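Visitor: Pasting in a structure now, in structure tokens, and then I'll have a few things to ask.
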Amino acid sequence: MDLKEMIGRSLQRIRKERGMSQEEVAFICKMSVRTYGKIERGDANFEIDTLDKIVKGLNIRFQDFMEGLENA
């Protein structure tokens, strides 16, 4: 599994734990559902600023997100 897939799986897990849809997260992060879905699937290249925006949209600390990748 590559880093994009690990990040995507982690984002998906967190989103589901919060009971949110991809549409809700995409709306909060001001991005298209298609783009957000591609990120969750590990199919998209994205900037670190985009990841930061998503992590903030999911209301978690970036540091906690990065530590959670170790368990992905």
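Visitor: Could you list all residues from region 34-53 that are in a helix (DSSP H, G or I) and under 15 Å from Met6 (Cα atoms)?
Guide: Those that are in a helix (DSSP H, G or I) and under 15 Å from Met6 (Cα atoms): Tyr36, Gly37, Lys38, Ile39, Glu40, Arg41, Ile48, Leu51.
Visitor: Give region 45-59 a look and list any residue that's of a type in the set (A, V, I, L, M) and surrounded by fewer than 16 Cβ atoms within 10 Å (Cβ to Cβ), or say none.
Guide: Scanning region 45-59 gives a single hit, Ile48.
Visitor: Now for a separate question. Where residues in region 4-37 are of a type in the set (A, V, I, L, M) and without any contact (Cβ under 8 Å) to a residue 60 or more places away in the chain, which of them is farthest from Thr50 (Cα to Cα)?
Guide: Met20
Visitor: Given the residues Glu5, Glu70, Glu47, Glu23, which is the only one that is touching a Gly at 6+ places or on another chain (Cβ under 7 Å) and among the acidic types (Asp, Glu)? Walk me through it before giving the result.
Guide: Details: Glu70 fails: touching a Gly at 6+ places or on another chain (Cβ under 7 Å); Glu47 fails: touching a Gly at 6+ places or on another chain (Cβ under 7 Å); Glu23 fails: touching a Gly at 6+ places or on another chain (Cβ under 7 Å).
Within the list Glu5, Glu70, Glu47, Glu23, the selection yields Glu5.
Visitor: Would you mind telling me which numbered condition in (1) modelled with pLDDT of 95 or more; (2) under 17 Å from Lys56 (Cα atoms) Arg34 fails?
Guide: Only one criterion in (1) modelled with pLDDT of 95 or more; (2) under 17 Å from Lys56 (Cα atoms) is unmet by Arg34, namely (2).
Visitor: If we keep just the residues of region 16-28 that are in a helix (DSSP H, G or I) and open to solvent by 20 Å² or more (accessible area, probe 1.4 Å), which is farthest from Arg61 (Cα to Cα)?
Guide: Glu23
Visitor: So in region 57-72, with the set limited to residues that are under 12 Å from Ile14 (Cβ atoms) and out of contact with any helix residue (DSSP H, G or I) (no Cβ under 7 Å at 6 or more places or on another chain), which one is modelled with the lowest pLDDT?
Guide: Of everything passing the filter in region 57-72, Asn71 is modelled with the lowest pLDDT.
Visitor: Modelled with pLDDT of 95 or more and among the acidic types (Asp, Glu): which single residue out of Glu23, Glu17 fits that description?
Guide: Criteria check complete, one pass: Glu23.
Visitor: Same structure again: Please go through (1) in a helix (DSSP H, G or I); (2) open to solvent by less than 70 Å² (accessible area, probe 1.4 Å) for Met31 and return the number of the only condition it doesn't satisfy.
Guide: Going through the list (1) in a helix (DSSP H, G or I); (2) open to solvent by less than 70 Å² (accessible area, probe 1.4 Å), Met31 breaks only (1).
The values are calculated or read from the model by the stated rules, or taken from the named source; none is laboratory data. These numbers come from a predicted model, not from an experiment. With ideal geometry, Cβ positions are generated from the backbone for all residues, glycine too; neighbour counts draw on all protein chains shown. Please note that ligands, DNA and RNA were not included when accessible areas were found on the heavy atoms of the full protein model with its side chains. Shrake-Rupley method; radii C 1.70, N 1.55, O 1.52, S 1.80 Å.
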